Amino acid sequence: AKDILSCMIASYELSVSALFVPFVVAVFKKEKCLPFAKAAIASSLAGATGFVITKLYSLGLFGDLLPLTMSGLTYGAAVLLLREKKTATA
C-alpha cells in the first residue's frame, strides 16, 4: 500500500510543479492575465525544470520549494518583460 501511495504522489508532482503558479494566477486574475499567456508558458517550463533538478540532485527541504519558486519568479519576470515591451511599442 505504501508503494502505491508514493507512486500516486510522484505522478502528480510534475503537474503541480509546472502548473500551480499559472493556475493560481488565472483563478485570481481571470481575464486580466490573458495577455500574459507567454508568461504562463515560461512559468510552466521553469517549474518543470525545477522538478527535474530536484529529481537529479538531493536538495533536502529546499528541493520541495525549488520548482514553485522558479515558476513564480519566472512568471513575475516574464510579466514585467511583457509589460515593458507593451509600453515600449505603444
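What the table below lists for this structure:
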read-out	value
Positions within segment 39-60 being within 8 Å of the chain's Cα centre (by Cα) and polar (S, T, N, Q), in sequence order	S43, S44
Total residues in segment 32-48, condition small (G, A, S) and closer than 9 Å to A18 by Cα	5
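Any read-out appearing in this document is the output of simple, stated calculations on the displayed coordinates, not a laboratory observation. Everything quoted here is computed from the prediction, not taken from an experiment.
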